């Protein structure tokens, strides 16, 4: 077994043990001997403490579990098993590999290149000047021959641009133009709606057809542009971190409705989540999931929110 595989197995064992402690403490009688056992285990290594604290914090954010316990009278053993499953599901997983999800590109008559990722795909484009463009799921970007301008046809991309005052980088997207002023920024395009999050530096966004519709963005600004208006508001650091989770292969939810969370998952997977019950859809969830693990998310909805799952071909229906 390779060192990487061995480390992964060891991490899984530690997380399972942490989940067992948390489930016992929450759903079973907890006494001084149990507390001493936990403290001894936590004292054995920092990895034990990190795993326990991480699961504890994630479970606390998804506070629907406590409501589920009081709302659904079931026996203690069944609740304990649900708790163990919930804690395992709630573990934060960092994904660094995106194997098997290739990026296609085409040459066009004007010398530009069109790069496209499939559903669930992820690719980093390296430009000659040292800039990079990171493509998210189901995204198409057209690069011109000089590589100092691009068009986001659809999807989402993260831009880290090397600034050149004499030759600014220009991005065209859905009738708007984003001009780099030494910038890291995230752009998402869906139909006529464009979202721009400014991470670092400065950038200017303007509508090609409406010169009066423009704004200078600074770090923390979040711009939403449509065919008719441009709105800019400040964004909390936690929201930025949530938006950029896909770069690590995860989707981050923080007090997100189940319906919105399911819609986000559907961007990354051929297996689609269908939230059939409006009340279930309004329930909130806070956790981090691997972007391609639809079944783990569905199980979380079942365990934490009491939802029922129905599999139909390449769909998972979530209902009451």
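Look through 214, 206, 200 and report the one residue that is free of Cβ contacts under 8 Å to residues at least 40 places away in the same chain and under 20 Å from residue 154 (Cα atoms). None of the others qualify; the one that does is 206.
Taken together, the criteria exclude residue 96 from residues that are in contact with a strand residue (DSSP E or B) (Cβ under 7 Å, 6 or more places away or on another chain) and at pLDDT below 95. Considering (1) surrounded by fewer than 10 Cβ atoms within 10 Å (Cβ to Cβ); (2) modelled with pLDDT under 70; (3) not in a helix (DSSP H, G or I), the lone condition that residue 70 does not fulfil carries the number (3).
Taking the listed residues 17, 24, the one that is buried (at least 17 other Cβ atoms within 10 Å of the Cβ) and either closer than 27 Å to residue 253 by Cβ or at pLDDT below 75 (or both) is 24, with no other qualifying. Applying the set (1) surrounded by fewer than 19 Cβ atoms within 10 Å (Cβ to Cβ); (2) farther than 30 Å from residue 265 by Cα; (3) modelled with pLDDT of 90 or more to residue 172 leaves exactly one unmet item: (2).
The values are calculated or read from the model by the stated rules, or taken from the named source; none is laboratory data. Just so it is clear, the model here is predicted, and its values are computed rather than measured. Positions of Cβ are backbone-derived with ideal geometry, glycine not excepted, and every protein chain shown enters the neighbour counts.
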